[in-house]
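Q: First, the structure itself, so that you have it in front of you.
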Amino acid sequence: MKQFSILLQKEWRENIRNYKIFWIPCVFILLGITEPVVNYFMPQILEASGGLPEGAVFEFPTPSPDQILMAVMEQFQTIGIVVLILAYMGTIAGERNSGTATLLYVRPLSFLSYFLSKWTMAAAISLISLWLGFLAGYYYTLLFFEELEFSALLQMVGSYSIWILLILTLTLAASAILPNGGLAAAAAFAVYLLVQLADGLLGANWTISPMKLPGYAAAWLTGNPRLSEFVGAIGLALLAIIGLIVLGSWAAWKNKAKTKV
Amino acid sequence: MSLVEVNNLTKQYGQELAVENLTFRLEKGTATALIGPNGAGKTTTLSMLADLLSPSSGEISLADGLTVGFLPQYPQFFPWLTALEFTEMAAKLSGVGAKKAKLQAIRTLEFVGLEGALYKKTGAFSGGMKQRLGLAQAIVHQPKLLLLDEPISALDPTGRREIMDLLKSLQQDTTILYSTHILNDAEEMTDQLLFMKDGHLIEHGSLEEVKSRHANPRIRIRFHKPAEAVKFAEEHSWKMQVLTDSVYLSVDKEGSSMQQVLHTLSSEKQDILGVEFQTASLEEIFLKVVAGQ
């Protein structure tokens, strides 16, 4: 674990100096703010864009706070996940292809520490971004709409965090396994879509599927998901994360000969 | 036992043999030059010794607890790290304690002539500076075995001279294996020569051994005009060759000695420009050995 802290310091410096630690949270905060703000100003926006006949009257149902936060989650599910996959697809493959990994691999390197250092930094930035995004969204929801219990938000974001970690770990493992960042991103998307499709088609009875985690997370806003199903899904997701970390570390070691010399 | 023993080392990529049946030893405290044309398998061999590549067959045995430093031909650095940050990290990852690592990194960077660039990001480094930093990361943990892939080829003549001097000063407590195609430099720092071509070892031995096998010593007598050289050749029955204004006498068992030549020249009162004893340079030997395969 001594190597882990040495490598984590390197990752820390990298993520600060390439500004990932700043711009990724910014994207999530923007996404988080957009939903409540756009919903609140919808009548004015429509009016300003014109095209409405004189005297037309529209009744907008005021969305409930949980609907707003679920819409925020939908933004994160699409744009947020795309941003994270693109930001971290080259984590390991990129180091191999540029040859910067060579001077690490010729040392007595622990590949578990190597993978974990990258995972820890990427996970920290992703989770901080996620939390800041939801907190910003929550703040504007309170400002423009009704109250929502803070504990409900914590439960929702906490559950959703496990889901994001799963996607992120999948991306890093793909980056260790595949020859370049583009392929890693494509594979991460493909796995994500395929599993989601499989879950949609065949998963009706498989209630502890990690793919249902975003749904269970959202359920905390209006009440609570069925606890046994929720705990099962979280447990499976954690197992998958650990499995992907082991697989990624092994693949990084296995592919060390592919680094540019 | 030798520090490093390589036996029948082979590396195959699909149908292609990058290295085939390579066998050699590295003795403690020696410098070995790995010489060969492009594509001879030098980088593959060094990569296997550095444990980046695993051999297809054959074996590499290193002495117990042997620490290794490796400089690739084109070292790549994380552009957002400074030279000191990178070298310190390299030292720590190679097992140098946290307290010693920084001091050792600074000393090493001074040693390779980068004392002015400790806090500069490596992304802004020139080619020559990268080569020096590459050497620094290879030696910062004071390895017993140093593997260098073309350590001086990318440098200008001044830089080349400096790095050669640095390497020579390391030789006392480090065993060095380096590949090069700059043969003048190899001649300067080598206890053992390994000639490779197409993945094979085609000649090896100490500089003296290789030279005695291939150097073809000769005496050159230079005349004022080509015609005089031809005339001299016609008048003497020595084993010789005429080339423009000079005759080349081969010096071997049945050939002539310098003493004989000087005696003849003075007694005949030959009007010449000069006489000199010549042996083939390493470069000529290399070309001859490679062509002879």
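Q: Does A:A190 fit the bill of being of a type in the set (G, A, S) and crowded, with 17+ Cβ neighbours inside 10 Å?
A: On the way: of a type in the set (G, A, S): yes; crowded, with 17+ Cβ neighbours inside 10 Å: no.
Here the answer is no, as A:A190 does not meet what is asked.
Q: Looking at the structure I just gave you, is A:Y114 within 13 Å of the chain's Cα centre (by Cα) and aromatic (F, W, Y)?
A: Working: within 13 Å of the chain's Cα centre (by Cα): no; aromatic (F, W, Y): yes.
Answer is no for this residue.
Q: What are the residues in region A:113-169 that are touching a residue at least 24 places away in the same chain (Cβ under 8 Å) and not in a helix (DSSP H, G or I), if any?
A: A:F145, A:E146, A:E147, A:L148, listed by residue number.
Q: Could you name every one of the strands (runs of 3 or more DSSP E) located completely within region B:1-65 that has at least 1 residues being closer than 18 Å to B:A186 by Cβ? Explain how you work it out, then say what you get.
A: Working: elements: B:4-13, B:16-26, B:31-35, B:57-62.
Because the criterion is at least 1 residues that are closer than 18 Å to B:A186 by Cβ, the strands (runs of 3 or more DSSP E) in region B:1-65 that meet it are B:16-26, B:31-35.
Q: Next up: Does B:L147 satisfy the condition of being assigned to a strand (DSSP E or B), within 23 Å of A:T100 (Cβ to Cβ), hydrophobic (A, V, I, L, M, F, W, C) and within 14 Å of another protein chain (Cβ to nearest Cβ)? Before you say what the answer is, go through the steps one by one.
A: On the way: assigned to a strand (DSSP E or B): yes; within 23 Å of A:T100 (Cβ to Cβ): yes; hydrophobic (A, V, I, L, M, F, W, C): yes; within 14 Å of another protein chain (Cβ to nearest Cβ): yes.
So B:L147 fits the description; yes.
Q: State all residues of region A:77-112 that are in a loop (DSSP other than H, G, I, E, B) and either more than 14 Å from chain B (Cβ to nearest Cβ) or charged (D, E, K, R) (or both); if no residue qualifies, say none. Don't jump to the end; show me each part of the working.
A: The first filter runs over region A:77-112 and keeps only residues in a loop (DSSP other than H, G, I, E, B), leaving A:89-92, A:99-101, A:106-110.
A:M89, A:R107 - these are the residues of region A:77-112 that are in a loop (DSSP other than H, G, I, E, B) and either more than 14 Å from chain B (Cβ to nearest Cβ) or charged (D, E, K, R) (or both).
Q: Restricting to region B:40-60, name every residue that is surrounded by fewer than 23 Cβ atoms within 10 Å (Cβ to Cβ), on the phi > 0 side of the Ramachandran plot and within 14 Å of chain A (Cβ to nearest Cβ).
A: B:D51
Here's the yes/no breakdown for (1) part of a helix (DSSP H, G or I); (2) more than 25 Å from A:A152 (Cα to Cα); (3) modelled with pLDDT of 95 or more:
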| position | (1), (2), (3) |
| --- | --- |
| A:I208 | no, no, no |
| A:L221 | yes, no, no |
| A:P225 | no, no, no |
| A:V231 | yes, no, no |
| A:G248 | yes, yes, yes |
| A:A251 | yes, yes, yes |
| A:K254 | yes, yes, yes |
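Q: Here is a follow-up. Of B:L135, B:L166, which residue is crowded, with 21+ Cβ neighbours inside 10 Å, more than 11 Å from every other protein chain (Cβ to nearest Cβ) and part of a helix (DSSP H, G or I)? Break it down stepwise before answering.
A: Values: B:L166 fails: crowded, with 21+ Cβ neighbours inside 10 Å.
That would be B:L135, the only listed residue that is crowded, with 21+ Cβ neighbours inside 10 Å, more than 11 Å from every other protein chain (Cβ to nearest Cβ) and part of a helix (DSSP H, G or I).
Q: Here are some residues: A:E74, A:E59. Which one is assigned to a loop (DSSP other than H, G, I, E, B) and more than 10 Å from chain B (Cβ to nearest Cβ)?
A: Working: A:E74 fails: assigned to a loop (DSSP other than H, G, I, E, B).
Within the list A:E74, A:E59, the selection yields A:E59.
Q: Take B:F70 and decide whether it is crowded, with 20+ Cβ neighbours inside 10 Å, facing chain A (nearest Cβ under 8 Å), assigned to a strand (DSSP E or B) and in contact (Cβ under 8 Å) with a residue 12 or more places away in the chain. Please lay out each step first, then the result.
A: Details: crowded, with 20+ Cβ neighbours inside 10 Å: yes; facing chain A (nearest Cβ under 8 Å): yes; assigned to a strand (DSSP E or B): yes; in contact (Cβ under 8 Å) with a residue 12 or more places away in the chain: yes.
Yes, satisfied.
Q: Quick check on my filter: what residues within region B:242-263 are surrounded by 14 or more Cβ atoms within 10 Å (Cβ to Cβ), at pLDDT 85 or above and of a type outside the set (A, V, I, L, M)?
A: Answer for region B:242-263, where residues must be surrounded by 14 or more Cβ atoms within 10 Å (Cβ to Cβ), at pLDDT 85 or above and of a type outside the set (A, V, I, L, M): B:D245, B:S246, B:Y248.
Q: Still on this structure, please answer the following. Write out, first by first residue and then by second, each pair whose Cβ atoms fall under 7 Å of each other, whose residues are 6+ apart or on separate chains, and whose first residue, in region A:82-98, is within 14 Å of A:L183 (Cβ to Cβ) while the second is charged (D, E, K, R) and buried (at least 23 other Cβ atoms within 10 Å of the Cβ).
A: A:T91/A:K118; A:I92/A:K118
Q: Yes or no: B:Y119 aromatic (F, W, Y) and either part of a loop (DSSP other than H, G, I, E, B) or surrounded by fewer than 22 Cβ atoms within 10 Å (Cβ to Cβ) (or both)?
A: Values: aromatic (F, W, Y): yes; either part of a loop (DSSP other than H, G, I, E, B) or surrounded by fewer than 22 Cβ atoms within 10 Å (Cβ to Cβ) (or both): yes.
Answer is yes for this residue.
Q: Still on this structure, I have one more. Check A:G80 against each of (1) surrounded by fewer than 19 Cβ atoms within 10 Å (Cβ to Cβ); (2) small (G, A, S); (3) within 13 Å of the chain's Cα centre (by Cα) and name the one condition it does not meet.
A: A:G80 satisfies all of (1) surrounded by fewer than 19 Cβ atoms within 10 Å (Cβ to Cβ); (2) small (G, A, S); (3) within 13 Å of the chain's Cα centre (by Cα) except (1).
Q: Considering each residue of region A:1-38, count those that are within 15 Å of A:A123 (Cα to Cα), buried (at least 17 other Cβ atoms within 10 Å of the Cβ) and more than 12 Å from every other protein chain (Cβ to nearest Cβ), and give that number.
A: Matching residues across region A:1-38 total 4.
The values are calculated or read from the model by the stated rules, or taken from the named source; none is laboratory data. Please read all numbers here as calculations on a predicted model, not as lab measurements. Methodologically, a virtual Cβ is constructed for each residue, glycine included, from the backbone with ideal geometry; neighbour enumeration extends over all protein chains shown.
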